[in-house]
């Protein structure tokens, strides 16, 4: 059958599409700014007729009616990264959290550890050959969709067509829901960040060599670094995500990807988060390739980029170098994401620069601590950590003793806490 006729024959409404979801099914939900909004809303309406449907996801942007208290017993989220819209449900025990490296997230589905019955995806219109692009979210979606028994696809006239390992043929889509609505926008950085953020960003920029390949995690600090890179030369991108700040660096000729040792001339990522400007820019842009996360975030792929720079944030760091980035004590907050993937990958890179960056305080409490809070999760271990950066300086911990690490970290803590940290370090026999 001609692919266009096949496509037309599979068109349905969101309400009819979700009727193919059965009680006890496990769903995969496309996330980030690519959540299929019409289909998800229809699922929420249909939910009272369902029992024990599991929704596997990572970070999602927007309202999350599907984790409302009244969904209990009908829909239950199993998230591999705790985004703000499901955090309360996880903390109250109404939703589940599965800790997993971002590089291994899709492998759970590919290997059948979490078999997927239905994938809810969001795609661009098909090209002349019948291929839809996964658009702004390829990394976590492509492999999960391919592992699903049934695919329900919102095909959105406003979804960009991104290139790379980013396509699915219409013959693989069981139910097609045509839509035409703007994608959610999420600016990653605001003009004029805080003074502390700016100081940290300036210090990080000192560590970035010409010809570096960049990964920037989610947060104000990684985004703020971008504005301090205009004096650099021949930068590139290999990152789980990027946002609008990249565009001006490309236009300025700073980020030309010319010295990358893997995929030279190309910007590699798993997904993009940003504004309409970014979505328009990535549309059919041959500079950009989006790939599945199990490739982009594989530390041994990352390490093939010489001068790999990884910039990630933390909640607190103890005096031995343990990095907590996913919880406040036992209170779950986010997840490992791609932090360890890129910290380890950058550490294995020739000339690599793995960076953990954080303000020295939060709410007048030191974030450099003698010991992590009881129950705190260790995302980057003391064995993996290299550079820790605050507004007060840079601590290079790699190859250093506990005594040397404690001293270096006390030196970049807020001055009002240095005396107490020194006292605690002596009590712990670190100094």
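The values are calculated or read from the model by the stated rules, or taken from the named source; none is laboratory data. Please read all numbers here as calculations on a predicted model, not as lab measurements. Glycine also receives a Cβ, built like all others from the backbone with ideal geometry; neighbour counts cover every protein chain displayed.
All conditions but one from (1) closer than 24 Å to residue 288 by Cβ; (2) touching a strand residue (DSSP E or B) at 6+ places or on another chain (Cβ under 9 Å); (3) outside the structural domain of residue 33 (by TED's automatic domain parsing); (4) in contact (Cβ under 8 Å) with a residue 40 or more places away in the chain apply to residue 185; the one that does not is (2).
Which residue, of 103, 34, is surrounded by 24 or more Cβ atoms within 10 Å (Cβ to Cβ) and assigned to a loop (DSSP other than H, G, I, E, B)?
On inspection, the qualifying residue turns out to be 34.
The lone criterion from (1) more than 23 Å from the chain's Cα centre (by Cα); (2) more than 22 Å from residue 209 (Cβ to Cβ); (3) surrounded by 18 or more Cβ atoms within 10 Å (Cβ to Cβ) left unmet by residue 412 is number (2).
Looking only at residues in the range 372-382 that are touching a helix residue (DSSP H, G or I) at 6+ places or on another chain (Cβ under 9 Å) and part of a loop (DSSP other than H, G, I, E, B), which one is surrounded by the fewest Cβ atoms within 10 Å (Cβ to Cβ)?
Among residues in the range 372-382 that are touching a helix residue (DSSP H, G or I) at 6+ places or on another chain (Cβ under 9 Å) and part of a loop (DSSP other than H, G, I, E, B), the one surrounded by the fewest Cβ atoms within 10 Å (Cβ to Cβ) is 381.
Listed here are the residues, each with its yes/no results for (1) outside any helix (DSSP H, G or I); (2) more than 24 Å from the chain's Cα centre (by Cα); (3) under 30 Å from residue 187 (Cβ atoms).
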{"site": "4", "(1), (2), (3)": "no, yes, no"}
{"site": "22", "(1), (2), (3)": "yes, yes, no"}
{"site": "39", "(1), (2), (3)": "no, no, yes"}
{"site": "46", "(1), (2), (3)": "no, yes, no"}
{"site": "55", "(1), (2), (3)": "yes, no, yes"}
{"site": "73", "(1), (2), (3)": "yes, yes, no"}
{"site": "81", "(1), (2), (3)": "yes, no, yes"}
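Can you pull out every residue in the range 6-20 that is touching a residue at least 60 places away in the same chain (Cβ under 8 Å) and over 34 Å from the mean Cα position of the chain (by Cα)? 6, the sole residue that qualifies.
Here is a yes/no grid of residues against (1) over 30 Å from residue 12 (Cα atoms); (2) outside the structural domain of residue 342 (by TED's automatic domain parsing); (3) surrounded by fewer than 16 Cβ atoms within 10 Å (Cβ to Cβ); (4) under 20 Å from the mean Cα position of the chain (by Cα):
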| site | (1), (2), (3), (4) |
| --- | --- |
| 97 | yes, yes, no, yes |
| 133 | no, yes, no, yes |
| 144 | no, yes, no, yes |
| 171 | no, yes, yes, no |
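Within the range 383-405, the only residue that satisfies the criterion of being exposed (fewer than 15 other Cβ atoms within 10 Å of the Cβ), in a loop (DSSP other than H, G, I, E, B) and in contact (Cβ under 8 Å) with a residue 12 or more places away in the chain is 398. When the residues of the range 350-371 are filtered to those that are assigned to a loop (DSSP other than H, G, I, E, B) and either free of Cβ contacts under 8 Å to residues at least 40 places away in the same chain or out of contact with any helix residue (DSSP H, G or I) (no Cβ under 7 Å at 6 or more places or on another chain) (or both), the one that is surrounded by the fewest Cβ atoms within 10 Å (Cβ to Cβ) is 363. Taking the conditions exactly as written (touching a strand residue (DSSP E or B) at 6+ places or on another chain (Cβ under 8 Å), outside the structural domain of residue 20 (by TED's automatic domain parsing) and modelled with pLDDT under 95), does residue 222 satisfy them or not? Judged against the criteria, residue 222 is a match. Checked against (1) surrounded by fewer than 18 Cβ atoms within 10 Å (Cβ to Cβ); (2) more than 19 Å from residue 166 (Cα to Cα); (3) in contact with a helix residue (DSSP H, G or I) (Cβ under 7 Å, 6 or more places away or on another chain), residue 69 passes all but condition (3). Just to be sure, is residue 52 assigned by TED's automatic domain parsing to the domain that holds residue 118, touching a strand residue (DSSP E or B) at 6+ places or on another chain (Cβ under 6 Å) and over 22 Å from residue 126 (Cβ atoms)? Spelling it out, it is not the case that residue 52 is assigned by TED's automatic domain parsing to the domain that holds residue 118, touching a strand residue (DSSP E or B) at 6+ places or on another chain (Cβ under 6 Å) and over 22 Å from residue 126 (Cβ atoms). I'd like to know if the range 323-344 contains one or more residues that are more than 26 Å from residue 88 (Cβ to Cβ) and surrounded by fewer than 22 Cβ atoms within 10 Å (Cβ to Cβ). Checked the range 323-344: no residue is more than 26 Å from residue 88 (Cβ to Cβ) and surrounded by fewer than 22 Cβ atoms within 10 Å (Cβ to Cβ).
Collect the residues in the range 326-346 that are in a strand (DSSP E or B) and touching a helix residue (DSSP H, G or I) at 6+ places or on another chain (Cβ under 9 Å), keeping them in residue-number order. Selection gives 331, 332.
Select from the range 268-311 the residues that are in a strand (DSSP E or B) and in contact with a helix residue (DSSP H, G or I) (Cβ under 7 Å, 6 or more places away or on another chain) and list them in ascending order.
268, 269, 270, 272, 288, 308, 309, 310, 311 - these are the residues of the range 268-311 that are in a strand (DSSP E or B) and in contact with a helix residue (DSSP H, G or I) (Cβ under 7 Å, 6 or more places away or on another chain).
Here is a yes/no grid of residues against (1) crowded, with 19+ Cβ neighbours inside 10 Å; (2) touching a strand residue (DSSP E or B) at 6+ places or on another chain (Cβ under 6 Å); (3) closer than 22 Å to residue 291 by Cα; (4) not assigned by TED's automatic domain parsing to the domain that holds residue 391:
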position: 215; (1), (2), (3), (4): yes, yes, yes, no
position: 227; (1), (2), (3), (4): no, no, no, no
position: 230; (1), (2), (3), (4): no, no, no, no
position: 261; (1), (2), (3), (4): no, no, yes, no
